[in-house]
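Presented below is the structure to which this report refers.
The values are calculated or read from the model by the stated rules, or taken from the named source; none is laboratory data. It should be emphasised that the depicted structure is a prediction, and the values quoted were computed from it without experimental measurement. Methodologically, a virtual Cβ is constructed for each residue, glycine included, from the backbone with ideal geometry; neighbour enumeration extends over all protein chains shown.
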Ligand SMILES: Cc1ncc(COP(=O)(O)O)c(C=O)c1O
């Protein structure tokens, strides 16, 4: 990726203020080439051509999606990774696997991508928006607690912009009120909370591989879990409820087709080789812009460590830059409100 400058470009690294500007015949101000912005390279091409040569694009009889799942699960130290067609699909299959009755309320963040909510609405669940902590833009556990009603059945925690949410508080709340906690890690690759990777603390964690994420295969997603039953239900839910492992095609619940193809799997697999470098680079950029900013009252989450495998613990300076993901989307709550209102009318009471 980063090429060394050729000998003719090898200019002394220090500027001499007496030298004329490049404009007037002096040395160039930019003395090393810019890093390549290309996100896909030879490995992606190789895996893609292996898929084409194999003549199999369907995951269940191919190898790339399975290999990707195996490697991602190993990277996160969990039992299962199940790949699917998008992050939206990942959140949807995660929630569907919880088998919540329609009308159940799921508490989630007031700031997130629409993809956190779409699956909920399709399952007839009612998103309830907890307030966010204004410093971290993550869900506030105290507000989440206040949102709990008799109809609450789950908490969908979103780790916003690469910063881990306060998982101790959410897990405690989940235990206390018997509510499963799902983690939306679409924006949080390599994020750690107190030595635990985001995505491995709740019942199930969901990721996105869309173009704007740390790694991408155009569109894709996955969930991770240690739970055998959730693994089974998730893999049925993304595949029309075909029980392929048992060779049975007799769907016993309604399920979409959210399969990941071998083409997506090939690119996603190749991208895994880059994830550590990408998360470290983004964290380093964040750390350097934090260092440049004025010292502020600092609010610290578990310490920052860049050389610590693919995972980055997150430190947050109040009002300082904190986003590892390159984007932030505001939940189009106003769009959702109408849908939620009509769902609420039909939801079961008590
Ligand atoms: C927090 C969050 N959840 C879910 C999604 C949906 O992912 P996808 O675009 O892959 O469907 C996104 C995407 O931006 C996201 O940021």
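Observations
- Selection over the range 68-91 of residues that are more than 9 Å from the ligand (Cβ to nearest atom) and in contact with a helix residue (DSSP H, G or I) (Cβ under 6 Å, 6 or more places away or on another chain) gives a count of 7.
- Just one residue in the set 51, 65 is touching a strand residue (DSSP E or B) at 6+ places or on another chain (Cβ under 6 Å) and touching a residue at least 60 places away in the same chain (Cβ under 8 Å); that residue is 65.
- Conditions (1) closer than 27 Å to residue 168 by Cα; (2) over 12 Å from the mean Cα position of the chain (by Cα); (3) within 16 Å of the ligand (Cβ to nearest atom); number of the one not met by residue 224: (2)
- The set of residues from the range 218-262 being out of contact with any helix residue (DSSP H, G or I) (no Cβ under 6 Å at 6 or more places or on another chain) and in a helix (DSSP H, G or I) comprises 228, 229, 231, 232, 235, 236, 245, 246.
- The range 60-80, residues that are within 13 Å of residue 220 (Cα to Cα) and surrounded by fewer than 24 Cβ atoms within 10 Å (Cβ to Cβ): 69
- Qualifying residue in the range 134-141 (condition: without any contact (Cβ under 8 Å) to a residue 12 or more places away in the chain and away from the ligand (no atom under 13 Å from the Cβ)): yes
- Unmet requirement for residue 25, which otherwise passes all of (1) at pLDDT 95 or above; (2) more than 30 Å from residue 192 (Cβ to Cβ): (1)
- Scanning the range 166-217 for residues being closer than 16 Å to residue 278 by Cβ, within 14 Å of the ligand (Cβ to nearest atom) and assigned to a loop (DSSP other than H, G, I, E, B) gives a total of 15.
- Exclusive hit being more than 30 Å from residue 142 (Cβ to Cβ), crowded, with 24+ Cβ neighbours inside 10 Å and more than 16 Å from the ligand (Cβ to nearest atom), set 266, 255: 266
- Residues in the range 271-285 that are out of contact with any strand residue (DSSP E or B) (no Cβ under 9 Å at 6 or more places or on another chain) and more than 16 Å from residue 74 (Cβ to Cβ): 274, 277, 278, 281, 284, 285.
- Within the range 156-165, considering residues that are buried (at least 24 other Cβ atoms within 10 Å of the Cβ) and assigned to a helix (DSSP H, G or I), the one nearest to the ligand (Cβ to nearest atom): 160
- Per the conditions (1) surrounded by fewer than 18 Cβ atoms within 10 Å (Cβ to Cβ); (2) within 16 Å of the ligand (Cβ to nearest atom), the sole criterion not satisfied by residue 106 is (1).
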